[in-house]
Protein chains: 2
Amino acid sequence: MRDVCVIGLGLIGGSVLRAAVAAGRVAWGATASETDAAAARGDGFEVSGLPAALARAAERDALVVIAVPLPAVEEVLRSLPSGTRLTDVVSVKGPVRDLVARVAPHARYVGGHPMAGTAASGWAAGGRTLFNGAPWVVATEDGIDPDVLVDVLALALDTGAHVVPTTADEHDAAVARISHLPHVLAAVLASVGAEGGPLALALAAGSFGDGTRVAASNPDLVRAMCEGNRAALLTAVDDALGRLGAARGSLASTGGLAKTIDAGRAARRALDERATDRAEITVDLTSPGALAALRAVGARGGQVVALNGSTAVARTS
Amino acid sequence: MRDVCVIGLGLIGGSVLRAAVAAGRVAWGATASETDAAAARGDGFEVSGLPAALARAAERDALVVIAVPLPAVEEVLRSLPSGTRLTDVVSVKGPVRDLVARVAPHARYVGGHPMAGTAASGWAAGGRTLFNGAPWVVATEDGIDPDVLVDVLALALDTGAHVVPTTADEHDAAVARISHLPHVLAAVLASVGAEGGPLALALAAGSFGDGTRVAASNPDLVRAMCEGNRAALLTAVDDALGRLGAARGSLASTGGLAKTIDAGRAARRALDERATDRAEITVDLTSPGALAALRAVGARGGQVVALNGSTAVARTS
């Protein structure tokens, strides 16, 4: 099992370090946060400064996991020894890919995004089981290093996650639709409701409570998440504006909302009735079509659930 | 206790009839649905045709409760004896008020809207406790008959509901914001998400699940509710379009979403932190300022919780 060096020991990075050690790996970390460093050391983990951690990673040919916020990624990349095995856990993938290509083109990079809780932050909020059953997106772009792909798949599966293979751009487009736009719409709906004053809030139905729930989230985290995925979120917002505008036009002209309501119901049923009867397929990661085959699994809503040597085992509908 | 005649024995009307009888009143009903009529009779309730039910109501000076869908209201109004004590439980109030003024101006009408479950329909879906703890909006417009207001307050409180006094227009504006718009936005969000395909649905976060939950509702009921409140819903949709457009503009120009996210969070907190420490006030319903005093209670998010003779007891923050 490959050694793991985690840069950034907040909620996600701290949980990766714990899960890697729990899986029997040699793993260590670095963090700029004195609080997180002290807490991690107090829990018995090895923590050093960034240069020492990266030097050890180079010496042991470890997989480096960047787990710092997006604005801090560039500084870490500038410190990387040439040829480093590299992944990250940042919630947006296109911007990190572009940054690596610009700042550390020598790195052997395969991007990742474990989709687990973000409500709290810091080492203390994490745990070794954070990723159990969670989707861990892995950017299986053409041209990535197949050895590092195996490293990243193995680490993700070791933490209890299942792997969703796709491209960086498709990841960003998808999370804009099903994670970032919901936060924007929840904020808008909450504001429209509150504009109705205490009377409206006193009459608030379950539909309003459900639709505004995530508007209570930590605004700094929501902003970082949404603003970091600007281009893809703009596309999703435009889609929503177009559909809401069409509903408005139909209601104003004919008085009818059938198209909006029926399309929404069909879409929600697609979520509720996702196939649970799944076929198992295997992908030989050394074969020429391996990356395309993995991406096809993700495109169909499937996932990689195990790794036998260089063969990935996937479930898909 | 005044007798009650319920026209329409679906979920809401059937529950009103049951609750009235459970409270010790003489009550009977009429329905055009053979299924509901048979089910109500099978449960031991008195059910007749519309003419017989209304004739008995005239004879006993009963309160007539119209509990049919909006499109069927006009026919009932045309059958009403002059001077009938009248209320309704239709989910939109301005259109019913206008219909009464046009078709049955002789009726002594005070509109109402008990805000209880609408997921299922028909007599079989109802129950005597449906309104326990629910808000029951009563339209306390200037010019209403004070005797009938007392009748309606007493019936609503007898069913276990608390009364929210406001005007028909303010009711319609409020429910557009906190019940009808949430259904429209849920449909839009579901469609935008599904447009991302199986990959997006496989990555769907809790925010997407919450924000689209009511998109699974019975589309006929959602359409009837939303389309029946067309004017007020257009205002709410325009408010949402304006706020979403502003978020789009800010994201595209500066890349920032602070204003949208912060406003949404403050609005959601206003919902979560509604004052629970409430003062009790009383309103003498025979006094000149009674209706304005009641509406002020509703405007502050308060409610009428009891009736002592002609004195209403309200709780408000």
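Here are a few things to note about the model shown:
- Over segment B:171-272 - Rg/Rh using Cα atoms and the Kirkwood inverse-distance radius: 0.99
- FRET E, pair B:Glu46, B:Thr282, Förster distance 35 Å, beta-carbon r, rounded to 0.05: 0.45
- Charge sum, other residues only, whose C-beta stays under 14 Å from A:Gly44's C-beta, Lys/Arg counted +1 and Asp/Glu -1: +1
- Among A:Leu80, A:Leu50, A:Leu149, A:Leu233, the ranking by other beta carbons within 10 Å of each residue's beta carbon, starting with the fewest, stands as A:Leu50, A:Leu80, A:Leu149, A:Leu233.
- Largest first and in whole Å, the equivalent-ellipsoid semi-axes of the protein assembly as shown read 59, 24, 21, each the square root of five times a Cα gyration tensor eigenvalue.
- Taking other residues whose beta carbon is less than 13 angstrom from the beta carbon of A:Gly126, and scoring Lys, Arg as +1 and Asp, Glu as -1, yields 0.
- Around B:Val103: net Lys/Arg minus Asp/Glu count, Cβ-Cβ under 11 Å: -1
- Averaging the sequence gap over all C-alpha pairs within less than 8 Å and six or more residues apart, then dividing by the number of residues, gives segment A:4-166 a relative contact order of 25 percent.
- Segment B:135-210 and segment B:9-59 have Cα centres separated by 26 Å.
- Neighbour-count order for A:Thr129, A:Thr140, fewest beta carbons within 10 angstrom listed first: A:Thr129, A:Thr140
- Cα lying deepest toward the dipole's positive end in chain A, options A:Ala67, A:Trp136, A:Leu50, charges on Cβ: A:Trp136
- A viscosity of 1.567 mPa s and a temperature of 4 °C, combined with the Kirkwood radius over C-alpha pairs in the Stokes-Einstein formula, give chain A a diffusion coefficient of 61 µm²/s.
- Part-to-part distance (alpha-carbon centres) for segment B:224-269 and segment B:62-88, which is given in Å: 38
- Per-copy distances of the A:Ser82 label point, shortest first, in nm (7 angstrom along Cα→Cβ): 10.3
- Taking Cα centre as origin and charging only the Cβ of basic (Lys, Arg, +1) and acidic (Asp, Glu, -1) residues, the dipole magnitude of chain A rounds to 560 debye.
- When only Cα pairs below 8 angstrom with a gap of at least 6 residues are kept, chain A shows a relative contact order of 15 percent.
- Residues B:Trp28, B:Trp123 arranged by fewest to most Cβ contacts within 10 Å: B:Trp28, B:Trp123
- Treating r as the C-beta distance of B:Ala124 and B:Ala258 and R0 as 45 Å, the FRET efficiency rounds to 0.35.
- Result for chain A in a Gaussian network model with C-alpha springs under 10 Å: among A:Ala23, A:Ala216, A:Ala296, the largest mean-square fluctuation is at A:Ala216.
- Taking a straight line from the alpha carbon of B:Lys259, these lysines sit under 29 Å away, with near neighbours fewer than eight places off in the same chain left out: A:Lys93.
Each reported figure results from applying straightforward, stated rules to the coordinates on display, with no laboratory input. Please read these numbers as outputs of a predicted model, since none were measured by experiment. With ideal geometry, Cβ positions are generated from the backbone for all residues, glycine too; neighbour counts draw on all protein chains shown.
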